[in-house]
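The values are calculated or read from the model by the stated rules, or taken from the named source; none is laboratory data. Here the structure is a predicted model, which means the values were calculated and not measured. Virtual Cβ from ideal backbone geometry, glycine too; neighbours counted across all protein chains shown. Each accessible area value is taken on the protein alone, full model and side chains, heavy atoms only, with ligands, DNA and RNA left out. Shrake-Rupley method; radii C 1.70, N 1.55, O 1.52, S 1.80 Å.
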Amino acid sequence: MMNNRLIQVFGLGVISLIVSGCSLVGPDYQRPDTPTSEQFKEAQGWKEASPADLQPKGAWWQVYQDDPLSKLLKQVEINNQNVAEYAADYEKAKEVAEEAGTNLYPTIGANAGATRSGSQSQTSNAYSAQATVSWEIDLWGKLRRTREANLASAQASAAELASATLSAQSSLAQDYFQLRVLDEKIRLYQTNIAVYEKYLKVVTNQYQLGNTSSASVSQAQTQLHSTRVSMLDLQWQRAQFEHAIAVLIGQPPAAFSITPTSLSFTLPSVPTTLPSTLLERRPDIAFAERSMASANASVGVAIAGYYPDLSLSASAGFENSVLGNLFELPSRAWSIGPSLSGNIFDFGATKAQVKQAKAEYAANVANYRQTVLSAFQEVEDYLVEMRILEDEIKAQTLATKYAKESARVTFNQFKLGMIDYLDVATTEATSLTQQQSQLSLISTQLVNSVQLIAALGGGWDSHQLPTAKAPDSASKQAASATRVK
C-alpha cells in the first residue's frame, strides 16, 4: 500500500514537472535584416529571359544544350572527392542532430550480474537482474535548444554540400568551355600554318625568279615557325584543362581525354530574378544563415547553465544469494526518485560561456550580412560584364572581318609585285590576332555566363534543406556522393 502510494505521488510529481517544464531560456531566432535593393543595378536594359519556373531545376547546365558537358557535370555529384568529403560531413551533422533529439526521451537499460566474495571464514554469492529507466527533464529548454542548434548545423552542412557541388560543377563548366575554345584556336592556327606554308612557297618561287629579296623569304619562314610555336603553346594549356576536368569528376588524368570538336554552343538567356530571391537561391547564403541560427540556439544552451538539471531515475529487479531463487517474490528490489544538480558558484564560468555564445552569434550575423553583400556584388559584376561583352563581341566581329579582308588584299598586291612581303606578314599577323581575340571574347562570355548562373544559385533553393521530420534531397545527394566509381 505504502509503495503504491509513493509511486502515485511520484507519478503526479513527474506529470506536474513535465507540464510546468516547457519554458525555453535564451532568445528565439529571428533572421536579421540585410542590406538589399529592389532590383539589380546592372540588370537595367537586360533582355528578360523566359520565366524562371520554366528553367530546369537542379540541372542548370541544360540551357547550354551540350550533351558532352551534361554527361561530365552529372558525374560531379557522384565522383568528385571534395563533394564526397562534404557529403560525409553532412551525414555526420545529420546524425548528431538525430542524437540530440533522442536526449528528450527516457533511456531504458538492463543489467545482470553475479559476484562471489568471501573471507577466511565465509564465502557468499550474490546474483542480480535489474531494469533501469532514467530521464532528464528539460525544464529550461537546454535539450531543446541543443536539438535546435544541431538541426540548424545539419541544415548548414547540407547547404555547404550544395555550395561545394555547385562550385565544382561551375569550375568544370568553365574549364570545359575554355578547352573547347582552345580547340578552336588550335584549329585556327593549323589553318593559318597551312596558308603560311603556301605563302612560303610563293615567296620562295618569286625569290628564285628574282622578283623579291631573301628578306621576304626569311620573313615568311619566321611567320610560319612562330605560328607553330603559338599553336604548341596552346596544346599544353588544353591538356591542363583536360587534367583539371578529370580530377573534378574523380578520375586520374592519364585515364581521361576529351576528343577535340568544332566550337558549337548555345548562350543562355539567364533570368536575373529579384535581389530578394537571391537569399533563397544561394547555398552559401543559406549556409551562413543556418550557421547563424545554430549560434543563436547555442546562446540558449549556455544560458541554461545558470539553472539546475533535473533527472528522474527508477530501477526494478531481483537480488538473491541463490541463483535458483533469484526471480521469487521475496527477491524483488526497486528504487525510484528524482535528482537535482547544478552549480552554486562557478567563479563566472557560466557567465563567460554565455558571453562567448553571444559573441559567436554576433560574428555569424556579420558573416551572414557580408555573404549577402558579396553575393549582390558578384551578380552585379557578372551582369555588367555579360552586357558589355555582347557589344564588345559585335565590335570585335567587325574588326576581325576587316582584318581578314586587309590580309587578303595585301597578299594579292604582293603577288602583283606592288608591295614587299613585310606588309603581308604584318596584315596576316593582325588578322590572326583579331581572330584569336574574337575567340578569347567568346571564351570569356561563356565563362561569364556560367559564373552568373552560379552566382544566382544555379538550380538550387533553400527549400531543399532538411527538416526535423523528413530527410531532403541533400541527404540523397550525400548518399550518392559517397559511392565513388
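For G348, the conditions (1) farther than 30 Å from S117 by Cα; (2) open to solvent by 70 Å² or more (accessible area, probe 1.4 Å) are fulfilled apart from (2). Residue check: P106 meets all listed conditions (1) more than 25 Å from G250 (Cα to Cα); (2) open to solvent by 80 Å² or more (accessible area, probe 1.4 Å) but one, namely (2).
When V96 is tested against (1) within 22 Å of the chain's Cα centre (by Cα); (2) at pLDDT 75 or above; (3) farther than 30 Å from V354 by Cα, only condition (3) is not met. Checked against the criterion of being assigned to a helix (DSSP H, G or I), among the small types (G, A, S) and either crowded, with 20+ Cβ neighbours inside 10 Å or in contact with a strand residue (DSSP E or B) (Cβ under 7 Å, 6 or more places away or on another chain) (or both), the candidates A131, A156, A126 yield just one match: A156. Only one entry of D284, D233, D309 meets the criterion of being over 31 Å from the mean Cα position of the chain (by Cα), of a type in the set (D, E) and modelled with pLDDT of 85 or more, and that entry is D233. Among the criteria (1) open to solvent by 30 Å² or more (accessible area, probe 1.4 Å); (2) under 23 Å from R180 (Cα atoms); (3) of a type outside the set (S, T, Y), the one G458 does not fulfil is (1). When each of A375, A366, A357 is tested for being open to solvent by less than 70 Å² (accessible area, probe 1.4 Å), under 22 Å from the mean Cα position of the chain (by Cα) and in contact (Cβ under 8 Å) with a residue 60 or more places away in the chain, the lone residue that passes is A375. Of the residues making up the range 194-216, those that are under 14 Å from V424 (Cβ atoms) and of a type in the set (A, V, I, L, M, F, W, C) are V195, L200, V202, V203, A215. Checking L263, L278 one by one, the residue that is farther than 18 Å from M386 by Cβ and open to solvent by less than 60 Å² (accessible area, probe 1.4 Å) is L263 and no other.
When L373, L383, L422, L452 are screened for being part of a helix (DSSP H, G or I) and in contact with a Pro (Cβ under 7 Å, 6 or more places away or on another chain), only L373 passes. Within the range 165-213, the residues that satisfy the criterion of being under 57 Å from the mean Cα position of the chain (by Cα), among the polar types (S, T, N, Q), over 30 Å from N79 (Cβ atoms) and open to solvent by 50 Å² or more (accessible area, probe 1.4 Å) are Q190, T191. Which count do you get for residues in the range 71-88 that are open to solvent by 20 Å² or more (accessible area, probe 1.4 Å) and either of a type outside the set (A, V, I, L, M) or in contact with a strand residue (DSSP E or B) (Cβ under 7 Å, 6 or more places away or on another chain) (or both)? Summing the residues that are open to solvent by 20 Å² or more (accessible area, probe 1.4 Å) and either of a type outside the set (A, V, I, L, M) or in contact with a strand residue (DSSP E or B) (Cβ under 7 Å, 6 or more places away or on another chain) (or both) in the range 71-88 gives 8. Residues in the range 423-448 that are open to solvent by less than 20 Å² (accessible area, probe 1.4 Å) and of a type in the set (D, E, K, R): E428 alone. Which one is modelled with the lowest pLDDT among residues in the range 134-153 that are open to solvent by less than 30 Å² (accessible area, probe 1.4 Å) and of a type outside the set (V, I, T)? Residue satisfying both the conditions and the ranking: D138.
A single entry from A254, A288, A244 fulfils the requirement of being open to solvent by 80 Å² or more (accessible area, probe 1.4 Å), closer than 30 Å to S163 by Cα and aliphatic (A, V, I, L, M): A254.
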